Amino acid sequence: MDDTEPVLEVFWRPGCGSCASLRRSLHEAGVDARWRNIWDDAPAAAFVRSVADGNETVPTVTLDDRVFVAPRPTLLLQELRVAHPELDLRPVRAWPPLRVLQWVGVIVGLIASEALSQAGQTAQSWALDAVIVVFFLVVRRLRTGWPQRPRPTTNEPTTARDPASPPL
């Protein structure tokens, strides 16, 4: 995208899994968005309540003059492609390779841990459980970016990679 104002405005809050999923999808598609934290921005929270039947349902997204409350990322990207065909959006993978590696590693590790436990190797089973947790956290950190950058305190327009956006 060029350096113009972002097409999307996304209203989010910390701890929202759907917001993080949307952020990952927008980032992977190369979409710039303005992210507004409804817990830090009273007018943003009031807007969300006005379009979501009085609830603070997030993510809420504005695209031109339309509002989407809790949209699925794939459907939002489809609407964005229709509304703005001039945007060069990258395709979004359903299962990024590191996420697949992360969960396959955890599942295989848990199966091996259970086999060790059944064989009476309790200490080794517990040690493997600890390795699984560390593996999960390291791969998650690799997927989400390392190191974490400090978050700005302004509500200026941000790109999908900006630390003011919700974490991946």
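The values are calculated or read from the model by the stated rules, or taken from the named source; none is laboratory data. This one's a predicted model, so the numbers in the text were calculated from it and none came from an experiment. Glycine gets a Cβ as well: all are built from the backbone with ideal geometry, and neighbour counts include every protein chain shown.
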For ASP32: the one exception among (1) surrounded by fewer than 19 Cβ atoms within 10 Å (Cβ to Cβ); (2) of a type in the set (D, E, K, R); (3) touching a Ser or Thr at 6+ places or on another chain (Cβ under 6 Å): (1)
Could you give every pair whose Cβ atoms fall below 6 Å, whose first residue belongs to the range 120-142 and is among the polar types (S, T, N, Q), and whose second residue is surrounded by 13 or more Cβ atoms within 10 Å (Cβ to Cβ), counting only separations of at least 6 or pairs across chains? GLN124/LEU116; SER125/SER113; SER125/LEU116; SER125/SER117
Subset of the range 113-168 (residues that are modelled with pLDDT under 65 and either aromatic (Phe, Trp, Tyr) or in contact with a helix residue (DSSP H, G or I) (Cβ under 8 Å, 6 or more places away or on another chain) (or both)): TRP146, ASN155, ALA160, ARG161, SER165, PRO166, PRO167, LEU168
I'm told VAL61 meets every condition in (1) part of a strand (DSSP E or B); (2) free of Cβ contacts under 8 Å to residues at least 40 places away in the same chain; (3) crowded, with 18+ Cβ neighbours inside 10 Å except one. Can you identify the failing condition by its number? (2)
Conditions: (1) polar (S, T, N, Q); (2) surrounded by 15 or more Cβ atoms within 10 Å (Cβ to Cβ); (3) closer than 30 Å to ASP32 by Cβ. GLN78 meets all but one. Number of the miss? (2)
Select, from PHE68, PHE47, the only residue that is without any contact (Cβ under 8 Å) to a residue 12 or more places away in the chain and buried (at least 16 other Cβ atoms within 10 Å of the Cβ). PHE68
Pairs where the first residue, in the range 28-40, is among the small types (Gly, Ala, Ser) and the second is not in a loop (DSSP other than H, G, I, E, B), C-beta under 7 Å, 6+ apart: ALA29/LEU77; ALA33/LEU8; ALA33/GLU9; ALA33/VAL10; ALA33/LEU26
State all residues of the range 25-63 that are in contact with a Phe, Trp or Tyr (Cβ under 8 Å, 6 or more places away or on another chain) and among the small types (Gly, Ala, Ser); if no residue qualifies, say none. ALA44, ALA45
Scan the range 16-31 for residues that are of a type in the set (Gly, Ala, Ser) and assigned to a helix (DSSP H, G or I) and jot them down. GLY17, SER18, ALA20, SER21, SER25, ALA29
